[in-house]
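Let me begin by presenting the structure, written as structure tokens, before commenting on it.
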Amino acid sequence: MNFMAFGGISWCVLAFQSQRYLGPSRYFSRARYFFPCLHSPVPLFSFSTLGDPSHTFDAEYLTKKQPNLDERFVLDELSKLLPVPCNTSATNLHKLVNSEKQIETRAADGFLLSEDKLGGVFLQKLKGRTAVEHALSNVGVELNLDVVAKVVNQGSLSSEDMVIFSNWAIKQPLIPNDIHFYHLLLRALGRRKFFKDMVKILHDMRDKGIDPNLETVSIVMDSFLRARQVSKAIQTFRNLEDIGLNCDTGSLNVLLQCLCQRSHVGTANSILNSMRGKIPFNGSTYNIMISGWSKLGRIIEMERLLDAMVIDGISPDCFTFTHLIEGLGRGGQIDNSVEVFENMKGKGCMPDSSSYNAMISNFISVGDFDEVMKYYKGMLSNNCEPDIDTYTKLITVFLKARKVADALEMFDEMLARGVFPPTGTITSYIKILCSYGPPHAAMMVYRKAKAVGCGISSSAYKLLLMRLSRFGKCGMLLSIWNEMQECGYSSDAEVYEYVINGLCNIGQLENAVLVMEESLRKGFCPSRLICSKLNHKLMDSNKVEKAYRLFLKIKDARRNENSRRYWRSKGWHF
């Protein structure tokens with residue numbers, strides 16, 4: 001028999017088998033991109049030779065050889081294209097598939113990250129702890145603390161799944177059985193409000209030879225306070241003996257610190273009064289409470305605690321005076337804060353960077369830039385090195401006041417002193433500069449920050465692309481787009497919109513069409529405003545045919561996008 005006579009059926013079987021072996025993710029990937037071949041008006045069987053009279057089947061042959069045609073012949077022909085042995089019968093074919101199921105699964109999910117592979121085990125809803133642990137072991141990833149943190153923090157595991165995963169992870173050779181692993185787990189459970197399992201693990205730590213410390217207590221208390229369960233946090237402090245810790249000064253300071261950070265200063269003050277005479281207080285105890293009232297600007301409460309501190313024979317330190325200065329500034333008593341600052345030397349405390357930062361913040365709040373620069377220069381003259389907090393306050397206030405030249409000068413001085421801002425701070429500077437004026441100053445901050453090795457976020461790149469696009473700086477826009485991709489950031493629909501808009505603004509319609517087509521190929525359909533703008537530009541330039549072809553591509557892309565949106569709402573993700 002001629003194989004070409006059976007070509008149409010063989011290709012149908014091949015298409016079905018290829019979809020079966022490649023899995024759902026590969027099959028549904030066609031919906032993400034536009035393939036012109038899928039919309040071809042030529043029928044699939046137009047290239048089949050079934051209709052050729054020279055290749056017709058004999059009726060007698062079909063009657064006699066029907067069993068071989070159904071099984072043996074088909075497998076023999078498919079074995080040329082698929083890795084199926086010729087001596088494999090249809091009844092044993094499922095055994096071959098099952099034996100290679102694990103290999104196929106690993107090949108199919110090879111593009112996934114380690115944490116996604118581990119998290120996917122729990123999506124299968126396996127029954128029994130043993131089955132889940134066996135599936136986790138068969139994933140075949142190199143487990144470490146970073147992967148464990150991503151699984152328990154980024155996924156949507158239930159409390160039971162998190163406990164099962166942690167019990168399995170602690171048995172792995174690269175996971176240390178120490179307190180750091182349990183801190184990671186306690187934070188994840190507390191963040192999801194799985195308090196029952198969190199307390200259980202806290203009590204089981206000692207049985208496994210792990211002694212809790214003050215950081216452990218802080219994690220548990222802060223988890224309760226984040227959920228506004230103040231009574232349970234206080235109860236944890238009173239029951240510290242159950243986990244092998246004592247209700248001493250250190251644990252009291254941890255409780256007060258957690259309460260003040262969550263703005264439960266009144267409750268912290270009540271606990272402080274109830275513990276007076278039972279637990280000795282130290283300077284940190286009073287500093288924590290003064291700092292809590294300072295954030296609220298409660299001057300009377302700060303002075304009362306300062307008097308109690310002196311009565312107990314504890315001398316105020318730089319932290320105490322810094323909190324007082326901040327509280328007086330928030331309370332509107334700037335002159336009194338200046339007096340406290342000037343009297344620090346007489347009390348035996350030399351002002352440090354935190355004290356100068358507090359004074360700078362006070363005068364920033366009232367808009368007195370002369371006094372701000374006075375304390376900054378005094379800081380330098382007293383050999384007190386400014387820190388990142390100092391420069392962040394100064395640069396931000398100059399940018400908001402649109403004193404761009406002063407802000408850039410301060411930025412240069414910061415980099416010259418070896419103080420490099422983090423990624424978030426750079427993004428905040430660029431965000432302010434991109435809210436007004438041309439993008440020149442924002443580009444200067446970007447170039448200088450990148451020259452010294454500071455990290456640039458994807459948000460900062462998008463802000464620059466947006467501003468450059470609006471001002472028609474197409475050359476710089478394409479350069480920034482290229483540098484963004486070199487840094488490992490992928491382009492999304494928003495990035496493509498900025499680039500297309502910038503190219504349209506300067507009349508580079510051919511390049512705008514190319515970028516639009518690239519966006520559509522990657523599955524991103526720009527907004528209707530950008531598509532309409534480009535279409536009108538093409539029509540005004542008498543490029544009607546190009547505009548019509550682009551219109552058809554956008555139409556197909558929107559249809560595919562609507563299909564994806566519909567099927568994802570039904571639970572299909574592709």
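Here are some notes:
- Part-to-part distance (alpha-carbon centres) for the stretch 388-429 and the stretch 149-222, which is given in Å: 40 Å
- Here residue 370 and residue 249 are evaluated by their C-beta separation; at R0 = 56 Å the FRET efficiency comes out at 0.80.
- Total formal charge among the other residues, if their Cβ is under 13 angstrom from that of residue 352, Lys/Arg +1 and Asp/Glu -1: -3
- Cleavage-rule hits, GluC sites (Glu not before Pro), the stretch 114-156, DSSP coil, Cβ neighbours within 10 Å at most 10: 142
- The stretch 395-452 - percent of accessible surface contributed by carbon and sulfur, probe 1.4 Å: 59 percent
- Here's the picture: a label point sits 7 Å out from the Cα of residue 562 along the beta-carbon direction, and within the stretch 502-538 the residues with their amide nitrogen under 19 Å of it are 520-521, 523-532.
- For residue 405, the shell of other residues with beta-carbons less than 14 Å away shows a net charge of -2, using +1 for Lys and Arg and -1 for Asp and Glu.
- Quarter of the Cα convex hull surface for the stretch 305-436, i.e. its orientation-mean projected area (nm²): 9.0 nm²
- Computed over protein heavy atoms with a 1.4 Å probe, the accessible surface of the stretch 530-574 works out to 71 Å² per residue.
- Cβ-derived FRET efficiency at R0 25 Å, residue 123 paired with residue 521, nearest 0.05: 0.25
- Proximal lysines relative to residue 232, as straight alpha-carbon distance under 22 Å, when same-chain residues fewer than 8 apart are discounted: 193, 196, 200, 278
- Sequence-distant contacts, meaning Cα pairs under 8 Å at least 6 residues apart, place the relative contact order of the stretch 185-343 at 15 percent.
- Here the spin labels are modelled as points 7 Å beyond Cα on the Cα-Cβ line, and at residue 172 and residue 156 they lie 2.3 nm apart.
- Rg/Rh ratio calculated on Cα atoms of the stretch 259-312 (Kirkwood radius): 0.93
- In whole percents, the pair-distance distribution calculated for the stretch 161-218 from its alpha-carbon pairs, binned every 5 Å from zero, is 4, 18, 33, 29, 14, 2.
- Simple spin-label estimate for residue 485 and residue 276 in nanometres, 7 Å along Cα-Cβ: 6.8 nm
- Residues residue 451 and residue 544, FRET efficiency given R0 of 45 Å [Cβ-Cβ distance, rounded to 0.05]: 0.45
- Alpha carbon centroid spacing (whole Å) that separates the stretch 273-343 from the stretch 500-574: 62 Å
- Neighbour net charge for residue 543 - beta-carbon separation under 12 angstrom, K R +1, D E -1: 0
- Tensor-based shape of the stretch 217-296 (alpha-carbon gyration tensor, a/c under 1.5 rounded, otherwise prolate or oblate): oblate
The values are calculated or read from the model by the stated rules, or taken from the named source; none is laboratory data. Everything quoted here is computed from the prediction, not taken from an experiment. All Cβ positions, glycine included, derive from the backbone under ideal geometry; neighbour counts span all protein chains shown. Ligands, DNA and RNA are stripped out before the accessible areas are found, and what is left, the full protein with its side chains, is counted by its heavy atoms. Shrake-Rupley method; radii C 1.70, N 1.55, O 1.52, S 1.80 Å.
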